[in-house]
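A short reminder: the numbers here are calculations on the coordinates, not readings from a lab. Nothing here was measured: the structure is a model prediction, and the numbers come from that model. Reconstructed Cβ throughout: ideal geometry from the backbone, glycine too, with neighbour counts over all protein chains shown.
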Amino acid sequence: MTAIGILGVTGRMGRAIDSVATKAGATIAGGIDRDGTVLGDHPNLAALAGAADVLVDFTAPDALEAHLDAAVAAKTPMVVGTTGLQPEHHALIDAAATKIPLIQTFNTSLGVNLLRGLVEEAARRLGTDWDIDIVEMHHRDKLDTPSGTALLLGASAASGRGGELFDLSRFDRMQKGPHPREEGGIYYASLRGGSVAGDHMVIFAGDGERIELGHRAESRAIFAKGAVRAALWLAEAGRPTGRYAMADVLGLR
């Protein structure tokens, strides 16, 4: 069975992965957290990377470089599910993916990744006179805004319009002052409260009509199941080095 090493083992996702791995046909090689908490017999990051068939990282952006270095040193494939990544983090991921197979995703849910395709197609078919807004809500403790999944959906919408995420995205509603809407812009709204696992709605608003494409996560287990599925796919024998996405895992491209 594939042995998964969990980076961020005491976090919400780390605990969820630990609880679903066996049913999915995997085992847990161990885990480690930034506060020094260790699960299993491997006392540090290097030891865990060497013992695992694949690493799964749901921690924080400032921990990513060390985790990638350990994975590369041990030649261990890695799933990066950490959100809040900046361009410099993606550069580190690109560099690591020249040496190991690696999946980077903001969301491991099957439903969300199917939703991405629907959003891209809608954006491609509808003109820029249709306004695009992405509304997301998460639990009160989620820090990054907008969510990584909202940005993932924004990237799909931007791709459908033949552009890039940060060229078309507009975040100025989160700042003071008047900000007239720009035609073709992709706008975001973020809500935080309660224990919401993750709600996302992409709204295409035209004159006299509206299309709403959405997804609601009712349990964090859906993300853990997707992460384990991605880990099992990544750890398959003969997987070439490179940077992959959930679309590859699901056979969508």
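Take every Cα-Cα distance within segment 110-217, group them into 10 Å bins from 0 onward, and report for each bin the whole-number percent of pairs it holds.
The percentages, shortest bin first, are 15, 48, 32, 5.
Tell me the angle of helix 221-234 to the major Cα principal axis of the chain, expressed in degrees between 0 and 90 and rounded to the nearest ten.
Helix 221-234 sits at roughly 60 degrees to that axis.
Given contacts defined as C-alpha pairs under 8 Å and at least six residues apart, what's the relative contact order of the chain, whole-number percent?
Result for the chain is 23 percent.
Any idea what angle helix 110-125 forms with the longest principal axis of the chain, computed on alpha-carbon atoms, 0 to 90 degrees, nearest 10?
Relative to the chain, helix 110-125 is tipped by roughly 30 degrees.
Please order F166, F58 by the number of other Cβ within 10 Å, starting at the fewest.
F166, F58
Using θ = phi - 60° and the Karplus relation 6.51 cos²θ - 1.76 cosθ + 1.60, list the HN-Hα couplings for segment 203-210 in order, rounded to whole Hz, with x at every Gly or Pro.
Using θ = phi - 60°, the values come out as 10, 9, 10, x, 6, x, 7, 8 Hz.
What does the charge add up to near D129, with Lys and Arg as +1, Asp and Glu as -1, over the other residues with Cβ less than 11 Å from its Cβ?
In short, -3.
In segment 104-171, which trypsin sites (Lys or Arg not before Pro) fall in coil by DSSP and have 11 or fewer other Cβ atoms within 10 Å?
R140
Within the chain, which is the longest segment that contains none of the GluC sites (Glu not before Pro) sitting in a DSSP loop with at most 12 other Cβ atoms within 10 Å?
Looking at the chain, 1-163 is the longest stretch - no exposed GluC sites (Glu not before Pro) with at most 12 other Cβ atoms within 10 Å.
Give me H200, H90, H42 ranked fewest to most by other Cβ atoms within 10 Å of their Cβ, as a rough exposure proxy.
Fewest-to-most ranking of H200, H90, H42: H90, H42, H200.
Given the DSSP H assignment, sum -39500 (n - 2.57) over each helix run of at least 4 residues in the chain and divide by its residue total; what's the result at 222 nm in deg cm²/dmol, nearest 500?
About -10000 deg cm²/dmol.
So what J values fall out for segment 41-53 if you push phi through Karplus, 6.51 cos²θ - 1.76 cosθ + 1.60 with θ = phi - 60°, rounded to Hz, Gly and Pro as x?
Per-residue couplings from phi come out as 9, 10, x, 8, 4, 4, 5, 5, 4, x, 8, 7, 7 Hz.
Among L55, L126, L252, rank each residue by its count of other Cβ atoms within 10 Å, from fewest to most, as a rough exposure measure.
L252, L126, L55
Search the structure for amide H atoms under 5 Å from the amide H of A3, placed 1.01 Å from N in the peptide plane, and list their residues when 5 or more places away or on another chain.
Placed amide hydrogens put T27, D53, V54 under 5 Å from A3.
Under a crude label model (7 Å from the Cα following the beta-carbon direction), how far is Q86 from A46 in nanometres?
It works out to 2.9 nm between the two label points.
Quick check: the angle from helix 64-74's long axis to the longest principal axis of the chain, C-alpha only, nearest 10 degrees?
The answer is roughly 40 degrees.
So which trypsin sites (Lys or Arg not before Pro) in segment 1-74 are both in a DSSP loop and have at most 10 other Cβ atoms within 10 Å of their Cβ?
Passing sites in segment 1-74 are K23.
Which number comes out as Rg/Rh for the chain once both Rg and the Kirkwood Rh are worked out on C-alpha atoms?
Result: Rg/Rh = 0.99.
Among A49, A26, A224, which one shows the highest mean-square fluctuation when the chain is modelled as a Gaussian network with alpha-carbon springs under 10 Å?
Highest fluctuation of the listed residues: A26.
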